[in-house]
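Working notes for the structure below.
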Amino acid sequence: MSLIVQKYGGTSVASPERIQAVAERVGRTVASGHQVVVVVSAMSGETDRLIGLARAIQNPPSARELDVVLSTGEQVTIGLLAMALEAGGVPAVSYTGAQVRIRTDSAFNKARIEAIDADNVRADLNAGRVVVIAGFQGVDANNSITTLGRGGSDTTAVAMAAALKADECQIYTDVDGVYTTDPRIVPDARRLDRITYEEMLEMASLGAKVLQIRSVEFASKYQVSLRVLSSFADGPGTLITTEENIMEAALISGVTLNRDEAKLTIVGVPDRPGIASGILGPIAAANIEVDMIVQNTGADGSTDFTFTVHRNDFDKALSILEKQAEELKARKVESDRKIVKVSLVGVGMRSHAGIASRAFAALAREGINIQMISTSEIKISVVIDEKYAELGVRTLHTEFGLAGEA
Ligand code: ADP
Ligand code: ASP
Ligand code: MG
């Protein structure tokens with residue numbers, strides 16, 4: 001008998017009818033002889049609604065109390081799904097994160113799972129029950145409720161699969177797999193049969209929100225066999241696996257779009273040792289993560305220093321940089337919120353030269369100016385004007401032959 005963890009996202013449990021449909025799918029999995037753990041999200045829109053409610057009372061909300069409020073979304077769906085299963089004759093029991101004892105650190109709103117005590121869950125499974133677990137939540141060492149960051153139910157599912165040594169972790173969502181790019185942006189994007197953990201991690205980190213980044217990290221670390229599928233239609237979905245399990249690596253697996261960053265430039269600082277750390281030190285001290293960095297020296301020997309941060313950190317970063325500009329006697333500070341990052345991802349890049357120049361030429365033909373570039377072994381990212389976001393994605397997607405049938 002094999003053990004399967006199934007996770008259903010917000011759109012998959014958005015109404016009583018959808019919850020019934022999930023119960024039927026789970027019932028079929030049980031009937032075919034599997035033990036099943038189900039992890040569910042809140043009904044779609046619910047987490048946003050709860051954030052809005054909290055902000056209407058206190059803005060910004062207390063981080064600890066926000067998690068108390070947010071965790072209720074998933075508590076509703078576990079109860080409803082367990083009822084739907086029972087009503088359909090499938091014995092089931094619901095668990096909140098705290099009831100499982102999904103232990104996290106105390107970083108409210110973005111907690112990390114540290115340990116899972118799965119004994120009670122295993123006992124229920126062995127007694128023939130489906131176990132329905134609230135995604136996105138845990139409990140810290142002080143018994144405070146924590147949440148795992150937006151999209152965190154994916155991570156709950158993979159962590160449960162790792163803790164229970166499940167045979168497969170299935171992520172049911174509103175698309176039937178991982179695509180070469182977001183199918184909402186490029187309708188002729190193609191579903192991938194398989195993708196490596198490494199590529200999926202890059203894609204998630206670079207903006208493909210189909211899986212939370214942490215869930216892919218967990219899957220890779222514990223070698224959890226992970227599959228993304230549709231809860232609306234049957235099909236093989238996409239298997240996320242090791243490179244050895246993929247016969248022929250594609251040159252490029254996907255294109256991603258990230259709209260969450262903003263750009264800051266300090267113009268005309270003296271070109272001498274210590275400048276970069278002088279600029280980024282106070283930014284890091286304020287807990288702001290910097291993504292891309294470019295420094296270039298002008299003819300007059302002074303330096304322009306440009307970097308990107310998350311848009312949520314933009315205001316804070318700007319005011320720190322303005323102070324730094326005075327101290328470093330810089331000419332001025334420039335900033336731009338209206339940028340996006342478009343990236344190409346593929347393990348095939350390792351063995352092929354010329355991908356970057358081909359990508360840049362394709363963007364140039366469309367008149368898209370590249371503002372910043374960063375590369376790693378398996379990805380190339382460019383920062384471009386926000387107004388070219390979709391065009392940039394489509395251009396690269398077409399250039400590397402990703403559209404249509406495999
Ligand atoms: P859920 O609520 O089930 O967790 P999400 O909205 O978090 O679902 O993730 C699914 C969405 O991810 C899809 O509707 C799709 O628009 C988006 N997405 C972005 N990039 C990709 C991609 N490369 N492949 C598939 N879906 C993607
Ligand atoms: N409900 C949470 C969110 O909307 C967690 C999740 O759906 O994975 O982010
Ligand atoms: Mg999600």
Just checking, which of Ala163, Ala219 is in contact (Cβ under 8 Å) with a residue 40 or more places away in the chain and within 15 Å of ligand 3 (Cβ to nearest atom)? Ala219
Could you grab the pairs with beta carbons closer than 7 Å, sequence gap of 6+ or different chains, first residue in segment 189-209 and farther than 13 Å from Tyr179 by Cβ and open to solvent by 20 Å² or more (accessible area, probe 1.4 Å), second one among the acidic types (Asp, Glu) and at pLDDT 95 or above? Leu201/Glu217
Thr72: under 24 Å from Met1 (Cβ atoms) and within 23 Å of the chain's Cα centre (by Cα), yes or no? no
What are the pairs with Cβ atoms under 6 angstrom where one residue, in segment 44-70, is in contact (Cβ under 8 Å) with a residue 24 or more places away in the chain and the other, located anywhere, is open to solvent by 80 Å² or more (accessible area, probe 1.4 Å) and in a helix (DSSP H, G or I)? Sequence gap at least six, or different chains. none
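Suppose we keep only residues that are within 16 Å of ligand 2 (Cβ to nearest atom) and out of contact with any helix residue (DSSP H, G or I) (no Cβ under 8 Å at 6 or more places or on another chain) within segment 172-207. Which one would you say is nearest to Ala157 (Cα to Cα)?
For segment 172-207, the residue satisfying everything is Val175.
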If you take the residues of segment 1-17 that are surrounded by fewer than 18 Cβ atoms within 10 Å (Cβ to Cβ) and without any contact (Cβ under 8 Å) to a residue 60 or more places away in the chain, which of them is nearest to ligand 1 (Cβ to nearest atom)? Ser15
Given the options Asp336, Asp313, Asp300, Asp304, name the one that is closer than 22 Å to Ala208 by Cα and open to solvent by 30 Å² or more (accessible area, probe 1.4 Å). Asp313
Criterion first (away from ligand 3 (no atom under 16 Å from the Cβ) and crowded, with 21+ Cβ neighbours inside 10 Å) does Ser153 satisfy it? no
Name the strands (runs of 3 or more DSSP E) wholly inside segment 47-164 in which the number of residues that are in contact with a Leu (Cβ under 8 Å, 6 or more places away or on another chain) and closer than 30 Å to Arg28 by Cβ is 1 or more. 92-95, 113-116, 130-134, 137-139
Would you be able to say whether some residue in segment 393-405 is in contact with a Phe, Trp or Tyr (Cβ under 8 Å, 6 or more places away or on another chain), open to solvent by less than 50 Å² (accessible area, probe 1.4 Å) and β-branched (Val, Ile, Thr)? no
Being touching a residue at least 40 places away in the same chain (Cβ under 8 Å), within 6 Å of ligand 1 (Cβ to nearest atom) and not β-branched (Val, Ile, Thr) is the filter here, so list the residues in segment 171-186 that pass it. Asp174, Tyr179, Asp182
How many residues, within segment 349-381, are open to solvent by less than 50 Å² (accessible area, probe 1.4 Å), assigned to a loop (DSSP other than H, G, I, E, B), touching an Asp or Glu at 6+ places or on another chain (Cβ under 9 Å) and over 23 Å from Ala204 (Cβ atoms)? 1
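The values are calculated or read from the model by the stated rules, or taken from the named source; none is laboratory data. All of these numbers come straight from a predicted model, not from anything done at the bench. Using ideal geometry, Cβ is built from the backbone for each residue, glycine included, and neighbour counts are taken over all protein chains shown. Ligands, DNA and RNA are stripped out before the accessible areas are found, and what is left, the full protein with its side chains, is counted by its heavy atoms. Shrake-Rupley method; radii C 1.70, N 1.55, O 1.52, S 1.80 Å.
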